[in-house]
Amino acid sequence: MGAEVNPCIESGCRGGCCRNIFMVDRRTKVEASFPGAIEVKPEEMPGLGDMAKGVYYIDHPTKNIPDGVYALIQGRCPNLGPLGSCAIYESNMRPHSCENFQRGSVDCNDIRYVLKLHPARTI
Ligand code: SF4
Ligand code: SF4
């Protein structure tokens, strides 16, 4: 979702996948990507729609990511611009989940279906 040519925006989608999502990533990555993120205790982790909009995370070490956290973006991602661009797209701060999410994937087209957009092809 870059600033110059953004195929998502050009195809009518303004960050459909950039809201109400969970991700697992390195603590340093999540804290750099979402400076306003709130660390909570596992028992305080909200479900989707349970708390005010924002980013919440809990400690979640895994074999592959020993310093992992599990993060919830509740509502719009704070990095999502009004026109659908990602404010940290050009930086190396973007979470791996965002880098790996592919336009035209099944998950992308599920979202596009809900948004009443035609299916996108992979690029
Ligand atoms: S990847 Fe898919 S759902 Fe996400 S912004 Fe692009 S077109 Fe929309
Ligand atoms: S960081 Fe950027 S790509 Fe990732 S969810 Fe937020 S706006 Fe979308």
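Each reported figure results from applying straightforward, stated rules to the coordinates on display, with no laboratory input. All of these numbers come straight from a predicted model, not from anything done at the bench. A quick note on method: Cβ atoms are made from the backbone with ideal geometry, for glycine too, and the neighbour counts reach across all protein chains shown.
Some observations on this one:
- Approximate shape of the range 1-57 as ellipsoid semi-axes (Cα gyration tensor, √5λ), whole Å, largest first: 27, 15, 9
- Largest GNM mean-square fluctuation across Gly16, Gly54, Gly104, computed for the chain with C-alpha springs under 10 Å, falls on Gly104.
- Among Val24, Val40, Val55, residue whose mean-square fluctuation peaks in a GNM of the chain (springs only between Cα atoms under 10 Å): Val40
- Placing +1 on the Cβ of every Lys and Arg and -1 on the Cβ of every Asp and Glu, with nothing else charged, gives the chain a dipole about its Cα centre of roughly 340 debye.
- Average silhouette area of the chain, convex hull of alpha-carbon atoms, in square nanometres: 7.9
- Most fluctuating residue given options Ala52, Ala87, Ala71, as computed from a GNM of the chain linking Cα atoms under 10 Å: Ala52
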